[in-house]
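Trainee: Can you read through this structure? Questions will come right after.
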Amino acid sequence: ELGPFSHFMQKEIHEQPKALADTIEPILTHRFKAELFGANAEEVFSNIDSVQIIACGTSFYAGSVARYWIESIAGIPCNVDIASEYRYRDVAANPRQLIVTISQSGETLDTMEALKYAKSYGCEQTLSICNVRESAIPRASKLVFYTRAGAEIGVASTKAFTTQLIALFALTGVLAKLRGRLNDEKEAEYLDSLRHLPGSVQHALNLEPQIQRWANKFAGKEHALFLGRGVHYPIALEGALKLKEISYIHAEAYPAGELKHGPLALVDSNMPVVVISPNDNLLEKVKSNIQEVRARGGEIFAFADLDSHFGESDIVHVIRTPRHVGVLSPVVHTIPVQLLAYHAALARGTDVDKPRNLAKSVTVE
Ligand code: F6R
């Protein structure tokens with residue numbers, strides 16, 4: 001059942017154009033209509049004043065991307081919490097918050113308990129984004145959006161993550177529309193971006209041979225740093241998590257603007273620095289962060305969009321991702337960091353689909 005692939009993780013990475021197209025399909029059919037999230041979703045969404053996202057691990061990073069979208073596109077305050085933190089702190093929850101839990105499995109104990117905890121504060125407006133039908137978390141939620149990633153077997157989450165981003169983008173569009181912040185033209189533009197996304201993701205997958213060459217260099221390292229800014233900062237976090245999780249290389253992610261507040265001290269010629277460098281309004285800022293790393297002899301591995309001006313040199317290596325796709329760019333930029341982690345793990349000979357000490361579904365605390 002692996003077909004031409006060596007591991008489930010590789011297969012699932014390559015299934016993303018289809019998983020995304022399947023998840024996008026109902027959005028193209030219904031546009032940004034609240035019913036995508038359930039029959040009574042419009043009423044729920046019309047009565048909320050803020051969004052509280054709760055999740056663990058990779059699902060938390062999907063939520064972290066969504067925060068940028070929800071605040072900038074829908075203009076609604078949005079907070080994102082790690083479930084195991086949320087459930088043990090005194091939260092200032094209010095009944096008008098929309099509680100959004102994100103879980104591939106729908107069975108993660110901390111996320112489930114955090115949902116119950118929010119309800120104990122009177123938060124009844126709950127939405128679950130989940131990949132497994134009728135699992136515990138969606139059953140405990142008023143609204144649900146099922147991602148259509150298909151079964152995910154590799155312990156490291158890949159296609160579940162990118163399809164969660166689609167669900168969250170749909171939520172953003174729906175909330176923006178209900179608040180009169182999405183005119184017909186903008187709606188058509190977003191739908192068009194969604195329609196073209198699987199093609200751009202396929203283009204990014206085609207970079208695999210180049211990324212594998214980089215990964216072989218990473219395999220000999222013990223540490224790596226990932227940098228991103230804005231909506232791509234969570235993609236740097238996701239890249240670092242994937243790398244440590246399956247290759248056991250210690251990796252950390254920082255928002256690039258934080259470099260001189262500490263992590264720059266780590267940089268020397270032995271420190272590979274992966275930079276997510278999309279052609280967006282922060283590119284010039286990212287480039288100056290790259291100069292800061294270069295000046296300390298750090299070796300840069302940048303994923304840069306095809307349409308950006310980006311200089312290569314002996315210590316700045318560049319792989320060209322597809323042309324900048326706009327607001328959905330975090331989805332495209334996820335692919336290279338998944339492939340980098342996969343091939344680094346392969347080169348190190350670790351058990352890619354079943355990394356040590358980890359389980360696919362975390363039903364204990
Ligand atoms: C990392 C990974 C985990 C899960 C986390 C939450 O690759 O897979 O970090 O994302 O355990 O799991 P779900 O989404 O099932 O709640």
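Trainee: May I ask for the net charge around L20, where only other residues with Cβ less than 11 Å from the Cβ of L20 are counted and Lys, Arg are +1 while Asp, Glu are -1?
Mentor: Net charge around L20: +1.
Trainee: Still on this structure, please answer the following. Report the one residue of I70, A21, G106 whose Cα lies farthest in the direction of the positive end of the charge dipole of segment 1-119 (charges on C-beta: Lys and Arg +1, Asp and Glu -1; origin at the Cα centre).
Mentor: Farthest along the dipole direction, towards plus: I70.
Trainee: Would you calculate, for the chain, the mean residue ellipticity at 222 nm contributed by helices, counting each DSSP H stretch of 4 or more residues as -39,500 (n - 2.57) and dividing by all residues, to the nearest 500?
Mentor: -14000 deg cm²/dmol
Trainee: Work out which helices of the chain, taken as complete DSSP H runs, extend at least 27 Å along their axis over the Cα atoms and score a mean Kyte-Doolittle of -1.0 or more, then list them.
Mentor: 159-178, 184-205, 329-348
Trainee: Starting with the highest mean, order 76-87, 321-332 by the number of other Cβ atoms within 10 Å, averaged over the residues of each peptide.
Mentor: Ranking the peptides 76-87, 321-332 by packing returns 321-332, 76-87.
Trainee: While we're on this one: Which one of A341, V267, S157 is farthest out on the positive end of the charge dipole of the chain, using unit charges on Cβ (Lys, Arg +1; Asp, Glu -1) and the Cα centre as origin?
Mentor: Checking the options against the dipole of the chain, the answer is V267.
Trainee: Roughly how many nanometres apart are two label points built 7 Å out from the Cα toward the Cβ at D268 and D90?
Mentor: The answer from the label model is 4.7 nm.
Trainee: Taking springs between alpha-carbon atoms closer than 10 angstrom, which of I290, I235, I102 fluctuates most in the Gaussian network model of the chain?
Mentor: I290
Trainee: Turning to a different aspect of this structure: Could you list the square roots of 5 times each eigenvalue of the Cα gyration tensor of segment 168-212, that is, the equivalent ellipsoid semi-axes, sorted largest first and rounded to whole Å?
Mentor: In descending order the semi-axes read 31, 11, 6 Å.
Trainee: So, in nm, how far is label S50 from label E1 when the simple model puts each one 7 Å beyond its Cα toward the Cβ?
Mentor: Label-label distance for S50 and E1, simple model: 4.4 nm.
Trainee: Determine the order of K354, K119, K221 by accessible area, beginning with the largest, at a probe radius of 1.4 Å.
Mentor: K354, K119, K221
Trainee: Here's something else I'd like to know. If the only charges are +1 at each Lys and Arg Cβ and -1 at each Asp and Glu Cβ, what is the size of the charge dipole of segment 171-303 around the Cα centre, to the nearest 20 debye?
Mentor: 160
Trainee: Follow-up question, since we're still on this one. What share of all Cα pairs of the chain, in percent, falls into each consecutive 10 Å distance bin?
Mentor: Histogram of Cα-Cα distances, whole percents per bin: 5, 26, 34, 25, 10, 1.
Trainee: Give me the accessible area of T172, 1.4 Å probe, in Å² rounded to the nearest 10.
Mentor: Roll a 1.4 Å probe over it and T172 shows about 0 Å².
Trainee: If you project the alpha carbons of segment 60-210 onto the principal axes, what extent comes out on each, in Å, largest first?
Mentor: Principal extents (Cα only, largest first): 47, 41, 27 Å.
Trainee: Another one. Evaluate the charge dipole of the chain about its Cα centre and quote only its size in Debye, nearest 20, assuming +1 on the Cβ of each Lys and Arg and -1 on the Cβ of each Asp and Glu.
Mentor: Taking the Cα centre of the chain as origin, the dipole is about 140 debye.
Trainee: Beyond 17 Å, what percent of the Cα pairs of segment 133-251 remain?
Mentor: 72
Trainee: Can you work out the FRET efficiency for the pair N357 and R213, with r the C-beta to C-beta distance and R0 = 25 Å, to the nearest 0.05?
Mentor: 0.30
Trainee: With +1 on each Lys and Arg Cβ and -1 on each Asp and Glu Cβ, how big is the dipole of segment 28-163 about its Cα centre, in debye rounded to the nearest 20?
Mentor: 240
Trainee: Highest GNM mean-square fluctuation, the chain, Cα pairs closer than 10 Å: which of G228, G262, G75?
Mentor: Judging by the Gaussian network model, the answer is G262.
Trainee: Projected onto the charge dipole of segment 116-210 (+1 at Lys/Arg Cβ, -1 at Asp/Glu Cβ, origin at the Cα centre), which of S141, S128, P209 gives the Cα projection farthest towards the positive end?
Mentor: Towards the positive end, the residue furthest out is S141.
Trainee: Report, in whole Å, the centroid distance computed from the Cα atoms of segment 177-224 and segment 59-137.
Mentor: Their Cα centres are 24 Å away from one another.
The values are calculated or read from the model by the stated rules, or taken from the named source; none is laboratory data. Since this is a predicted model, take the numbers as computed values, not measurements. Glycine gets a Cβ as well: all are built from the backbone with ideal geometry, and neighbour counts include every protein chain shown. Areas reflect the complete protein model, heavy atoms only, side chains present, ligands, DNA and RNA absent. Shrake-Rupley method; radii C 1.70, N 1.55, O 1.52, S 1.80 Å.
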